[in-house]
Amino acid sequence: MSAVSLHPFETLTPQRVVEAVESLGLWLPGEPFALNSYENRVYSLTDDDRRRWVVKFYRPERWSDDQILEEHEFLQALAAESISVGAPWEDATGATLHHFEGFRFALFAHVVGQAPELDNPAHLFALGELIGRVHDVGARQPFRHRIRLDLDTMVEESRIRVLQASWLDARQRKSYGQVIDSLLPLLAERAWPESSLQRVHGDCHLGNMLGRDEHFALVDFDDCLMAPAVQDLWMLLTAQSPEEWQMQLSEVIEGYEMTREFDRRQLEWIEALRTLRLIRHSAWVTARWQDPAFPRAFPYVADSGYWDQHIRHLEQQRLALDSPRWLA
C-alpha cells in the first residue's frame, strides 16, 4: 500500500503516540497499550512517576475543535461536582486539547474497575444515581456545538450510507428501503420534543462504565450530545422477561431520583431509540470501512447474510414499535 493511500490512523505508530504524550512534558518509560476503540485511537500508558493515563487521539474530521472542547468542558463541570468521570488533563496554560503532527489528542487519568452487572440491583441503583447526577449538571445549560439526537436526520443519513454500500444486492436494497419506509411513521409517532433535550453522555453501554462494588464512573464522553434523559438509561434495561425488566427499571429510576426526577413518559421512546441505534450502527460501520480497523473488527458486514439479518432485525423493531415491551 502506498503512503498516499494510508488512513491517517495507520501512521499513528507507538513511537508517535509516545512522542505526542512526551511533548506535554511527561516521560514514558514503556510503550502504550492499545485499548478497544474504533472511532478514535485510545491507549493506556504509565509515566515515570508510575501514574497511569489514557490518551485519546480523535478521528480526523469527525468533530470540530469547538465540539471536542464542549466535551471537555462538560467533563470538567462534572468533575467539579465530584462526579466520577474521566476528566481531561490540563497543561500549564489550562489547555485540554493538544496537537501533534496533525493529530488532536487529550490525556485522561486512568479509571480502574470492572463493568457493572446489570442483574445486580445494587449496581443498577448505583448507575441510576450516577447518571442522575450527570444529568443534573447536564440540564443546567445546553451544548452550543455538539449535535442533537434528531430522528429524521439520522435515519435519512443512515439510509443514504447503507444504500451507497456495494454489499447489498438488488433484493436487499429494495427490502432495506421498504423496511425503513415502514419504520418512519412509527418512529415519528414516538419522536421526542425539542424541549426534552439536554446534555447527556450519549453512549451508556457497559464498556463505558467502570467501578468496584457499588461505585462506578462514566468514561468516554466522545458521543455526548443533546438528547432526552432516557438515552442514557435504556441500555441498562437488558432483561428478557417483564418481571426482570421491571426490577431493572425500578432500581435504575430509584437511584436516578436520588438527585432529580425522571419523567416516565420518556419510557415510550425506548423502542424508537433502540431502532435508531440499530439503523445507525450498520451505517457507521459502512461509513468507516476505509479505516483498516473496521474490516478487521467487523468482517461479517461485507457478507450478504449480515444484511439479510439486519433487515430482519429492523422488521422485528417495527413490531416492537407497534407494541412496546412491558410498558402497560
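Readers should treat all values here as calculations from the given coordinates under stated rules, not as data from a laboratory. The structure presented is a predicted model; accordingly, all values stated were derived computationally and were not measured. Neighbour counts run over all protein chains shown; Cβ positions are idealised from the backbone, glycine included.
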Inset, instruction - Select from the range 284-328 the residues that are hydrophobic (A, V, I, L, M, F, W, C) and under 16 Å from Leu183 (Cα atoms) and list them in ascending order. - result: Ile311, Leu314, Leu319, Ala320, Leu321
Inset, instruction - Could you tell me whether any residue of the range 189-198 is without any contact (Cβ under 8 Å) to a residue 60 or more places away in the chain, under 21 Å from the mean Cα position of the chain (by Cα) and either part of a loop (DSSP other than H, G, I, E, B) or crowded, with 18+ Cβ neighbours inside 10 Å (or both)? - result: yes
Legend entry - 1 or more residues in contact with a Lys or Arg (Cβ under 6 Å, 6 or more places away or on another chain), closer than 30 Å to Gln172 by Cα and not small (Gly, Ala, Ser): qualifying helices (runs of 4 or more DSSP H) within the range 234-320: 270-287, 293-297
Legend entry - Count - residues of the range 90-110 that are assigned to a loop (DSSP other than H, G, I, E, B) and either closer than 15 Å to Ile68 by Cβ or of a type outside the set (Val, Ile, Thr) (or both): 10
Legend entry - Single match in Glu39, Glu73, Glu117 (criterion: part of a loop (DSSP other than H, G, I, E, B), surrounded by 14 or more Cβ atoms within 10 Å (Cβ to Cβ) and acidic (Asp, Glu)): Glu39
Inset, instruction - Confirm whether Ile270 is under 23 Å from Leu184 (Cβ atoms) and free of Cβ contacts under 8 Å to residues at least 60 places away in the same chain. - result: yes
